[in-house]
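K.L.:
What follows is a single structure, and I will ask about it in a moment.
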Amino acid sequence: MRFNARRALVAAVLAGLVLSGTTATGAQASSSPRVAGTSAVTPTESSWRPKLAPGEHHACSTAKKGQFHCLARWQPVAGGSGTLSTAAVKLKGLTPEDIRKAYKLPTKGGKGQVVGIVVAYDNPKIEADLNVYRKKFKLGTCTTASKCFRKVDQRGGKKYPVGDQGWGMEAALDTQAVSATCRSCRILLVEADSPTGEDIGAAVNTAVRLGADVVSNSYGMVEFNGIETLNKKYYTHPKVPLIASSGDAGFQDPEFPASSPRVWSIGATDLNYSAKKKAYTEKAASFSGSNCSAWFAKPSWQKDKNCAGRTSADISAAGDGAGGAGFLVYDSYLPKSSRGWIGASGTSVSAPLVAGMIGLAGNAAKVASPSYPYKHKTGLKDVIGGSNAFSADCGGDYLCTAVKGYDGPTGLGSPRGLKSL
C-alpha cells in the first residue's frame with residue numbers, strides 16, 4: 001500500500017497526539033499501544049462525511065466530536081416525496097424483491113428471531129411508517145399489538161428520548177431494511193438518549209438483554225485512545241452477532257464499532273439490474289468504508305497482508321443501486337417538504353440488510369463471531385470491480401479496490417443464499 005508523503009507526515013505527527021490524550025467521550029485513556037505498522041487516525045469531525053451527490057442529504061449532519069454519527073444518506077424519489085398515501089405509484093429504487101432475487105434469499109424463515117436495532121433519539125412515526133412500507137411491498141404487518149415490533153428506551157422502558165429527524169430517518173431505514181430481508185423476524189428498536197459512546201453502548205447491551213438474536217448498528221465514530229474500554233463494556237456478546245456499518249467515506253480513518261474484531265464489519269455495493277444480462281450486477285460502492293484499525297490487532301482469521309491491524313470490511317451488501325436511486329424507504333417524520341418515499345444509500349443500508357439475513361438464517365448464536373464467513377465462504381459471491389471514490393492515498397491497493405478475493409470495500413463478497421450466515 002502506498003501513502004503519499006503528506007499523509008505519512010500527518011500520521012507521524014498525530015501518532016504522538018493520539019497516544020497522549022484522553023478520549024473525546026471522557027473515557028479513561030488506554031495504556032495499550034497502537035497496533036504496530038498502522039497509521040494514526042485523523043480525529044476530525046468531518047473525516048467521516050462523504051461527498052454528496054446533487055440532491056442528497058446527510059441524515060445525521062450534526063454529530064459532534066466524541067459522538068457516534070449515523071451513516072444514512074437520502075434523496076427525494078420522483079413521485080414519492082411528500083406523498084403520504086400508499087398509492088401504487090412506480091417508485092424508482094431498490095425494493096425487497098430486488099434484494100431477495102439478487103441475494104437468492106428464501107421467502108420463508110426467521111420466525112421467532114429478534115433483530116435488534118440501535119439508534120439515538122426517538123422517531124415517533126416509526127411503527128406507522130414501517131407498516132406503510134410493509135403494506136406497499138406485501139410483507140405483512142409488524143405491530144406492537146402483534147408482538148412483531150417493540151420500541152424501548154436505552155434502559156428497556158418507555159421513557160423515549162427527544163425526537164430527531166436525522167436519526168429518525170436512520171431508524172426508518174433500518175427497520176424497513178430488516179423487513180426487506182426477513183419479513184418474519186421480530187424487530188426490537190432501542191433508542192439511546194444521545195449518540196455518546198456510553199448511551200449508544202447501553203442501548204446495545206439492552207438489546208441483547210431483551211432477547212435480540214442479532215443487533216444492527218448503522219453508526220460509527222473515528223477510533224480514539226481508549227476505544228478498548230467501550231468495546232469491552234458494550235460490544236462483547238459472544239453469542240449475539242453485532243453488525244456494524246464500515247463507514248461511508250471510502251478508504252478512511254478506522255470507524256468503531258466496525259473496527260472491533262468482535263463485530264461484523266459490513267461494506268457496501270452498488271446493486272443494479274441489467275436488462276441485457278437479465279441478472280443483477282454488483283460492484284463496490286464508491287463510498288464503501290475500508291480501513292486498517294490503529295487500535296485493534298489483526299485477528300487470526302484475517303490473512304490480508306497490507307494491514308497490521310483489524311481490516312474492514314468483512315462482507316458487503318447493497319448500499320446503493322437502481323441507477324443511483326438507492327434503497328426505497330418511507331419516512332413521514334422528515335420535514336414536511338421531504339416526507340414520504342425517499343431513496344437511502346450508505347453502509348447504513350447494507351448493515352441492517354445483513355442483520356436481517358442472519359435473522360432469516362436462524363443460526364445467530366453459531367455465527368456470532370465475524371470469523372464465521374472467513375471459514376464458510378461458499379455462500380458468498382466475490383465482488384470484483386469498483387473502488388472507493390475517496391482513495392487517492394491508497395494507490396489502487398486491495399484496501400480500496402474490489403479485486404479477486406478479499407478486499408477492503410467489499411470484504412469476502414456479498415451473500416448468495418444463507419450458507420455463510
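Nothing in this text is a laboratory measurement; each read-out follows from the coordinates by a stated rule. Nothing here was measured: the structure is a model prediction, and the numbers come from that model. Don't worry about glycine lacking a Cβ; one is built from the backbone with ideal geometry, like all the others, and counts go over all protein chains shown.
K.L.:
Roughly how many nanometres apart are two label points built 7 Å out from the Cα toward the Cβ at Asp304 and Lys276?
P.N.:
That separation, rounded to one decimal, is 3.0 nm.
K.L.:
Would you please give the residues with an amide H less than 5 Å from that of Thr269, counting only those at least 5 places away or on a separate chain, with H modeled from the backbone geometry?
P.N.:
Ala285, Ala317, Ala318, Gly319, Asp320
K.L.:
At 7 Å along Cα-to-Cβ for each site, give me the label-to-label distance between Thr144 and Lys159 in nm.
P.N.:
For the pair Thr144/Lys159, the computed spacing is 1.7 nm.
K.L.:
Note down the net charge around Lys108, summing +1 for each Lys or Arg and -1 for each Asp or Glu among other residues with Cβ under 13 Å from its Cβ.
P.N.:
Charge balance in the 13 Å sphere: +3.
K.L.:
Where does each of 306-317, 232-243 land if you order them by average Cβ count within 10 Å, highest first?
P.N.:
My ranking of the peptides, most packed first, is 306-317, 232-243.
K.L.:
Rounded, prolate or oblate: which fits the range 355-421, taking a ≥ b ≥ c as square roots of the Cα gyration tensor eigenvalues, rounded meaning a/c under 1.5, else prolate when a/b beats b/c?
P.N.:
Judged from the Cα gyration tensor, the range 355-421 comes out prolate (a/c at least 1.5, a/b above b/c).
K.L.:
Work out the FRET efficiency for Lys336 and Lys65 from their Cβ-Cβ distance, taking R0 = 25 Å, and round it to the nearest 0.05.
P.N.:
The computed FRET efficiency comes out at 0.20.
K.L.:
Rounded to whole Hz and in sequence order, give me ³J(HN,Hα) for the range 158-165 from the Karplus expression 6.51 cos²θ - 1.76 cosθ + 1.60, θ = phi - 60°, writing x for Gly and Pro.
P.N.:
Going residue by residue, I get 10, 8, 5, x, 5, x, 8, 5 Hz, with x marking Gly and Pro.
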